Amino acid sequence: MTQNFAAIILGGTGQVGSAAVAELLAIPQCREVVMITRKPIAARSRVRNVVLDTGAPDFAKHTAVLARDVLSQGPVSAVSCVGVGSGSMRWSEEELKRLELGVVGAFARGCRDAGIAQFCLLSAVGSTAQSRFRYVRVMGMKEDNVRNVGFTRLAIFQPGIIVGNAHTPAWVGWLGRLVPGRFGNVDQREIGRSIAVEIALHSREAGEVTFENAAMRKLAAQVTPPSV
């Protein structure tokens, strides 16, 4: 396990992002979680909140400055849990691209420019830039965008139906129980824990890995915080 590591996260106030932050903080070796937000959040132990304008042209530059500061204290991994949730159907493709490609891409570039080697990216099952479906297509574009940044270790998390999530209607979760495999249900806590375990155990490895529902559950079971 990486000793005394930190994580810098974008989208940490969302449903899955909050779960990832909680699971990271449950690991004693996590010295700090740095959350980039657009507005201040309540103070928490071992959480540093940095308010940045994520839509600004120099967002990548400010991210790099922050990431270098965090790196000066020891190993750091980056996490993007940015997602639109239930509102995605109301967004145009251009609006989705501004968030998922523009903001997430700038965050990734800033982290890589600072020297961060590992990046964890929340996406969606079946994502491909060639899809006929808008949301899945933009998610695929996002993956390609971050892939091209050139991280040493890229972990892509592709959940099916996320349950335990305020954005998932109860009937969708019920339906998801009937759907087998990668398109079915996965609890947001399992996603958050799998992200935390990927950082705690695999940050020094190289290459790209993709985790769908079953793989996330298997990864999350490798470590049970706080007994790491």
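The values are calculated or read from the model by the stated rules, or taken from the named source; none is laboratory data. All of these numbers come straight from a predicted model, not from anything done at the bench. Every residue, glycine as well, gets a Cβ built from its backbone with ideal geometry; the counts of neighbours run over all protein chains shown.
Below, the figures for the structure above:
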read-out	value
Number of the condition not met by R217 [criteria: (1) modelled with pLDDT of 95 or more; (2) assigned to a helix (DSSP H, G or I); (3) surrounded by fewer than 18 Cβ atoms within 10 Å (Cβ to Cβ)]	(1)
Filter result for V84 (among the β-branched types (V, I, T), without any contact (Cβ under 8 Å) to a residue 60 or more places away in the chain and either touching a Cys at 6+ places or on another chain (Cβ under 9 Å) or buried (at least 16 other Cβ atoms within 10 Å of the Cβ) (or both))	yes
Residues satisfying the stated conditions in segment 57-73, i.e. in a loop (DSSP other than H, G, I, E, B) and either touching a His at 6+ places or on another chain (Cβ under 7 Å) or more than 10 Å from A106 (Cα to Cα) (or both)	S72, Q73
In segment 113-125, the residues that are out of contact with any strand residue (DSSP E or B) (no Cβ under 6 Å at 6 or more places or on another chain) and within 17 Å of C81 (Cα to Cα)	A124, V125
Some residue of segment 152-170 being closer than 21 Å to V82 by Cβ, in contact with a Ser or Thr (Cβ under 6 Å, 6 or more places away or on another chain), at pLDDT 90 or above and not hydroxyl-bearing (S, T, Y)	yes
Any helices (runs of 4 or more DSSP H) falling wholly within segment 74-153 and containing at least 3 residues that are under 17 Å from the mean Cα position of the chain (by Cα) and among the charged types (D, E, K, R)	134-147
Residues of segment 1-45 satisfying the condition of being in contact with a strand residue (DSSP E or B) (Cβ under 8 Å, 6 or more places away or on another chain) and assigned to a loop (DSSP other than H, G, I, E, B)	N4, G11, G12, T13, Q29, R38, K39, P40, I41, A43
The one condition in (1) closer than 27 Å to V186 by Cα; (2) buried (at least 22 other Cβ atoms within 10 Å of the Cβ) that G110 fails to fulfil	(1)
Residue that is in contact with a Pro (Cβ under 7 Å, 6 or more places away or on another chain) and of a type outside the set (D, E, K, R), where the choices are V65, V47, V51, V70	V51
